[in-house]
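Peer 1: First the structure, then my questions, so here it is.
Since every read-out is calculated from the coordinates, none of them should be taken as a lab result. All figures in this text were calculated on a predicted structure; none of them were measured in a lab. Cβ coordinates were reconstructed from backbone atoms using ideal geometry, including for glycine residues, and neighbour counts include every protein chain displayed.
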Amino acid sequence: MSALATSIAAYKAALSRGPVIIGLYLGLRLAIYAVLAPLLGLLLNLAVSLSDQSALTDQDIAGFLLTPAGFIAAVAVLALVLLVEVLGFALMAALWRAGGTDRLASARAALLAVVRRIRPLIAFAVLFVLRVLVMALPFVLAGLLVAWLLLSDYDINYYLTEMPPEAWIAGGVIGLIVLALVVLLLITLTGWALALHLVLFEDVTPRRAFAESATRMSGRRFRLQREVVIWLAVRIVLVTGVGMIATGILHLMPLRVEGGLRLALALTLALVTIWGLANTAVSALALGALAHVINGFVTKDVRLETAPARAAGGLRLRLKWIGAGLAALVALGFWSAAALLDEISTEDDVEIIAHRGAAGSRPENTLASMEKALEEGADWVEIDVQETADGQVVVIHDSDYMKLSGVNLKIWDATLEELADIDIGGWFDPAYADQRTPLLRDVLELAKGRSKVLIELKYYGHDEDLENRVIGVVKETGMVGEIATMSLKYPAVKKMLKLEPDWRTGVLAATAVGNMAGLDGDFVALSMSRATPWLTNSIQEAGKDLYVWTVNDPLEMSKMISMGANGLITDEPALARQVLAIRAGLSTPERLVLWMSEELGLSIPAKEYRDASP
């Protein structure tokens, strides 16, 4: 029989015993998760107690695995998962050795065989995991060394987005390292293919089993390697198919802004549960198929005794009691995990920054937009400023009036008298046709005592003395300490820091290139698409805040808050307030599920915005 035919036959055999295989595997998985869930909750609580913070953000929780304690916990969890796989494989191997036609009796025989040899099986599993980790360690270290040598000069996002030559070289070398590890594992593991059978069925000690298996597989490894490669390819196809179906359903889910976060939470929980069960079923069938493939290489035929038919009724009753006990254990484990996670205090320490005012509901950079943002409780109002021909500082984003009014007039060529005739709000709605270009002074006086103002200094190559003029207006209106400045032009940021070192000043960046945390200033305002947990952490560790723009979708708002952003630059300040209110009523696990829902591609259709640029 060809390798392809053998692998397909193994999957068919596993499918014929699908309910038993999936039931055994799912029970084992749930049991270990019932232990892992509260363990992770305890570890996170320990992280809080050891930190200098009274509370952790969602991003702190997600980033816990990057700490030394978190790394050790991750290795321990990985080892437990591998242990479950080994025990699961033992169950599948025993199942194929159980005679009779009664599926429940076969399952009982397989369970008893594993339970009777549980101590040597655990010892074998520990040795197996240690051997695999030791084998992989040099390759992992080599990959880290390559990354350190070639990818450590700048922010990792620079390499991922710009893909300079060193990124391609590093990717190629690391790819070769991974390929070499995969080949080594394939050769070695096919030599160990019979080791578990020897421990389970022939009472061979765990230490001797690896060498004995290699001897018995001599001359037959290549055939098994071909069958394992085909088995793996079939498994990948099945997992990919399940994933495509799940993501397809996810994208078809209709969500609305009203109540969208809670609906997204419910839908994500439901879909992830179904998706997880489907993946578990595929994993169980694949493991059963692999055990069937390897069973064909066993030379000594050992059969397990099954319960007689007359005992089937009692067996079913006992299995029901075992299932009920397992369900209680799982429920207790996950309940305790949820309780432990809820003990971790999380807080949403984020400021709402109204982009050009409430630009989602009023024409941008108008006094109407500013007033709306103030009414909706914005912590900051963000505006753009430029100089006119007569030396006035006005609030406008573009270099001319073509977008707002269809008037071909450059800001630096215009005077206040000319601007008084240009309607900048009628394009949005005729009700705002009376809106005119405001002065910086007008916005500062409107916001005084109600909100802070974030001033973006715009440069189109015609500025004369913008920084000093802005400083003068701020001081004249008594708003020192209530404003911050930022710019895309880094020399301007440095100039403001030199002129007014005590003022809050930051860098506005459209892309994350190089070491963003190393730039001068008090904060970095970055495009939402470029924000990552790693970048957030690096910026905040440098003592700076991270503002993200332009965030108008509720799920994206929640994601950015969970990631640890200090400020949301948004056209919808009222919606941002609503998101914060809803998140305040969610538990820590629920917040993390919301983050997951956005990562999976769930979205709430938002209205179209004319301009999302800073």
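Peer 1: Determine the gain in length on full extension of the stretch D442-D421; use 0.36 nm per residue of separation and subtract their C-alpha separation, reporting nm with one decimal.
Peer 2: Going from the current span to full extension adds 5.8 nm.
Peer 1: Now for a separate question. In the range 172-192, whose amide N lies under 19 Å from the spot 7 Å out along Cα-to-Cβ of L149? List them in ranges.
Peer 2: 172-181
Peer 1: Sticking with this structure for a sec: Karplus couplings for the range 358-367 from phi (6.51 cos²θ - 1.76 cosθ + 1.60, θ = phi - 60°), rounded to Hz, Gly and Pro as x?
Peer 2: Whole-Hz 3J(HN,Hα) from phi for the range 358-367: 7, 6, x, 10, 9, x, 4, 6, 10, 5.
Peer 1: Rounded to whole Hz and in sequence order, give me ³J(HN,Hα) for the range 120-133 from the Karplus expression 6.51 cos²θ - 1.76 cosθ + 1.60, θ = phi - 60°, writing x for Gly and Pro.
Peer 2: With the stated coefficients, the range 120-133 comes to x, 5, 5, 4, 4, 4, 4, 4, 4, 4, 4, 4, 5, 5 Hz.
Peer 1: Which whole-Hz ³J(HN,Hα) couplings does the range 565-580 yield from phi under the Karplus relation 6.51 cos²θ - 1.76 cosθ + 1.60, θ = phi - 60°, glycine and proline marked x?
Peer 2: With coefficients 6.51, -1.76 and 1.60, one gets 4, 7, x, 10, 8, 9, 7, 10, x, 5, 5, 4, 4, 5, 4, 4 Hz.
Peer 1: Across 5 Å bins from 0, what is the distribution of all Cα-Cα pair distances for the range 421-463, in whole percents?
Peer 2: For the range 421-463, the binned pair fractions read 5, 17, 16, 17, 25, 16, 3 percent.
Peer 1: Let me ask another. Between I118 and E541, take the C-beta separation as r, use R0 = 51 Å, and let me know the FRET efficiency to the nearest 0.05.
Peer 2: So, using R0 = 51 Å, E works out to roughly 0.65.
Peer 1: Taking the inverse of the average 1/r across all pairs of different Cα atoms in the range 99-231, what Kirkwood radius in Å do you get?
Peer 2: Computed over Cα pairs of the range 99-231, the Kirkwood hydrodynamic radius comes out at 18.1 Å.
Peer 1: Continuing with the same structure: Once you put a point 7 Å from the Cα of V81 and another 7 Å from the Cα of V132, both along the Cβ direction, what distance in nm separates them?
Peer 2: Each label point lies 7 Å from its Cα, and together they span 1.0 nm.
Peer 1: Consider a paramagnetic label point 7 Å from the Cα of D520 along Cα→Cβ; state which residues of the range 459-483 have an amide N under 16 Å from it.
Peer 2: Under 16 Å, as judged by backbone N against the label point of D520, lie 467-468 of the range 459-483.
Peer 1: Between their Cα atoms, which of K372/K448; K410/K498; K372/K452; K458/K494 are more than 20 Å away from each other?
Peer 2: In this structure, K410/K498 lie more than 20 Å apart at Cα.
Peer 1: I need S529, S283 ordered by Cβ neighbour count within 10 Å, fewest first.
Peer 2: In increasing order of surrounding Cβ atoms, one gets S529, S283.
Peer 1: Now, a different point. Using the crude model of +1 on Lys and Arg Cβ and -1 on Asp and Glu Cβ, and no other charge, please compute the dipole size for the range 485-546 relative to its Cα centre, in debye to 20.
Peer 2: Roughly 240 debye for the range 485-546.
Peer 1: Next up: What is the order of S152, S451, S587, fewest Cβ neighbours within 10 Å to most?
Peer 2: S152, S587, S451
Peer 1: Under a crude label model (7 Å from the Cα following the beta-carbon direction), how far is R577 from R220 in nanometres?
Peer 2: 7.4
Peer 1: Taking R0 as 60 Å, what FRET efficiency do you get between L409 and A266 from their Cβ-Cβ distance, rounded to the nearest 0.05?
Peer 2: 0.70
Peer 1: Calculate the translational D of the range 342-450 in whole µm² s⁻¹ from Stokes-Einstein, where the hydrodynamic radius comes from the Kirkwood formula applied to all Cα pairs, the temperature is 25 °C and the viscosity 0.890 mPa s.
Peer 2: Using the Kirkwood radius from Cα pairs, D works out to 166 µm²/s.
Peer 1: Now for a different question. Using R₀ = 45 Å, calculate the FRET efficiency as 1/(1 + (r/R₀)^6) where r is the Cβ-Cβ separation of W168 and I8; round to 0.05.
Peer 2: 0.70
Peer 1: Mind giving me the nanometre distance, one decimal, between the label points for D349 and K475, set 7 Å out from Cα along Cα→Cβ?
Peer 2: Here the answer is 3.3 nm between the modelled labels.
Peer 1: What are the principal axis extents of the Cα atoms in the range 351-599, in Å, biggest first?
Peer 2: 57, 43, 32
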